[in-house]
Amino acid sequence: MSLLRADTNLLDETFELLRRCGEHRRECVVYWTGPADGDLADGVQHPDHQANALGYEVDTRWITRFFLELRQERRSAKMQIHTHPGPAGHSETDDRFSLVPAAGFLSLVIPNFAYGPVTLNDAFLAEMSRDGDWTQRSIAELELA
Amino acid sequence: METITTTTHETVVVTFNGQDRTLHYQPREQVQALLNRALDAFGVRDSRHVMSLFTTAGAELPDNVSIEQAGVKPGEVLVLRQSTVKGG
């Protein structure tokens with residue numbers, strides 16, 4: 001059973017957004033969204049944010065608007081995806097300040113500002129457990145077809 | 001003369017990542033108490049100290065005043081979210 005299902009076109013769109021926004025010199029973040037119930041992701045949201053080579057911060061007003069939009073559309077954020085300048089991993093800041101610090105939320109980190117091939121081979125995936133800890137998961141648990 | 005004490009219970013709708021919970025509150029209890037119930041209702045175990053309740057207009061409710069003083073009205077929709085969302 002997969003953690004999340006998505007079309008590969010969503011991955012293509014995500015890499016395009018991360019590259020265009022980050023310009024190979026800044027981190028960037030997007031959120032995959034889908035129907036509130038279930039494990040399908042069929043949309044990507046690119047938040048208002050500030051970023052540099054070492055991190056990003058999402059605009060506070062955007063977060064409130066986003067959550068109200070999700071409520072209205074009966075959708076939810078399934079996974080946050082952000083870039084790192086070098087190898088992928090989950091920093092302490094990533095651990096503490098995610099969009100959705102609740103069980104089942106996924107966090108995917110893509111290395112090299114997403115300028116490598118459009119694959120997740122070198123990406124890092126973590127899931128928040130019921131205890132509130134981030135647990136590394138296998139990329140193979142994402143079902144991209 | 002008999003003194004009758006009444007406790008008023010109202011409700012608000014708290015939304016978090018697209019899902020709603022209707023929560024009871026007493027107007028004179030602290031916002032922090034409602035926040036704790038909201039965090040429990042959504043199963044938030046991590047980063048609780050950096051989570052807050054916001055109005056739909058985006059104003060963060062102070063934790064240390066009563067719900068009544070914070071201006072919350074019965075039936076109002078409140079947004080549960082991190083005060084800061086960032087990564088690096």
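Among B:Ala70, B:Ala57, B:Ala41, the largest mean-square fluctuation in a Gaussian network model of chain B, built with springs joining Cα atoms closer than 10 Å, belongs to B:Ala57. Taking every residue in A:57-64 and counting other chain Cβ atoms within 10 Å of its Cβ, the average works out to 5. Summarising the amide proton neighbourhood of B:Val65: residues at separation of 5 or more, or on other chains, whose placed amide H is nearer than 5 Å comprise B:Val31, B:Gln32. For the options B:Asn17, B:Asn64, B:Asn36, a Gaussian network treatment of chain B with springs between C-alpha atoms closer than 10 Å singles out B:Asn17 as fluctuating the most.
Were the residues from A:Glu13 through A:Asp131 laid out at 0.36 nm apart, the gain over their Cα-Cα distance would be 39.2 nm. For helix B:31-41, report the angle its Cα long axis makes with the longest principal axis of the Cα atoms of chain B; keep it between 0 and 90° and round to the nearest 10°. Orientation of helix B:31-41: about 60 degrees from the principal axis. Site pair B:Glu60 and A:Arg65 shows an inter-label distance of 1.9 nm when each label is modelled 7 Å from Cα along Cα→Cβ.
Around the amide H of A:Gly55, modelled in the peptide plane, lie the amide H atoms of A:Glu27, all under 5 Å away and 5 or more residues distant in sequence or on another chain. Put in line by how crowded their Cβ is, counting other Cβ atoms within 10 Å and starting with the fewest, A:Tyr56, A:Tyr115 read A:Tyr115, A:Tyr56. Lys/Arg Cβ at +1, Asp/Glu Cβ at -1, dipole of chain B taken about the Cα centre: which of B:Val13, B:Leu34, B:Met51 is farthest positive-ward? My answer, from the dipole projection, is B:Met51. Shielding by partners for peptide B:37-44, expressed as the average number of C-beta atoms from other protein chains within 10 Å of each residue's C-beta, is 2. Can you give the FRET efficiency to the nearest 0.05 for B:Asp40 and A:Gln72, using r as the Cβ-Cβ distance and R₀ = 30 Å? For B:Asp40 and A:Gln72, the calculated efficiency is 0.75.
Assuming charge only on the beta carbon of Lys and Arg (+1) and of Asp and Glu (-1), the dipole of chain A about its Cα centre is about 260 debye to the nearest 20. Of A:Lys78, B:Lys86, B:Lys73, the sequence from fewest to most neighbouring Cβ atoms within 10 angstrom is B:Lys73, B:Lys86, A:Lys78.
Rounded to the nearest Hz, the phi-derived 3J(HN,Hα) couplings of segment A:119-127 under the Karplus curve 6.51 cos²θ - 1.76 cosθ + 1.60 (θ = phi - 60°) are 9, 10, 4, 9, 7, 10, 10, 9, 10, where x marks glycine and proline.
Take every pair of alpha-carbon atoms less than 8 Å apart whose residues are at least six positions apart; their mean separation over the length of chain B yields a relative contact order of 35 percent.
Normalised size of segment B:10-82, defined as Cα radius of gyration per 2.2 N^0.38 Å with N residues, equals 0.96. The Cα atoms of segment A:4-144 give a gyration tensor whose axes a ≥ b ≥ c have a/c under 1.5, which makes the shape rounded. The shape of segment A:12-65 can be summarised by an equivalent ellipsoid whose semi-axes, obtained from the alpha carbon gyration tensor, come to 22, 15, 7 Å from longest to shortest. Counting only other chain Cβ atoms within 10 Å of each residue's Cβ, the peptide A:89-98 averages 4. Here the Karplus curve 6.51 cos²θ - 1.76 cosθ + 1.60, taken at θ = phi - 60°, turns the phi angles of segment B:9-16 into couplings of 10, 10, 10, 10, 9, 9, 10, 8 Hz, with x standing for Gly and Pro.
Read-outs throughout are calculated quantities, based only on the coordinates presented, and are distinct from any laboratory measurement. From a predicted model like this one, the values you see are computed outputs, not experimental measurements. FYI the Cβ positions are ideal-geometry reconstructions off the backbone, even for glycines, and counts take in every protein chain you see.
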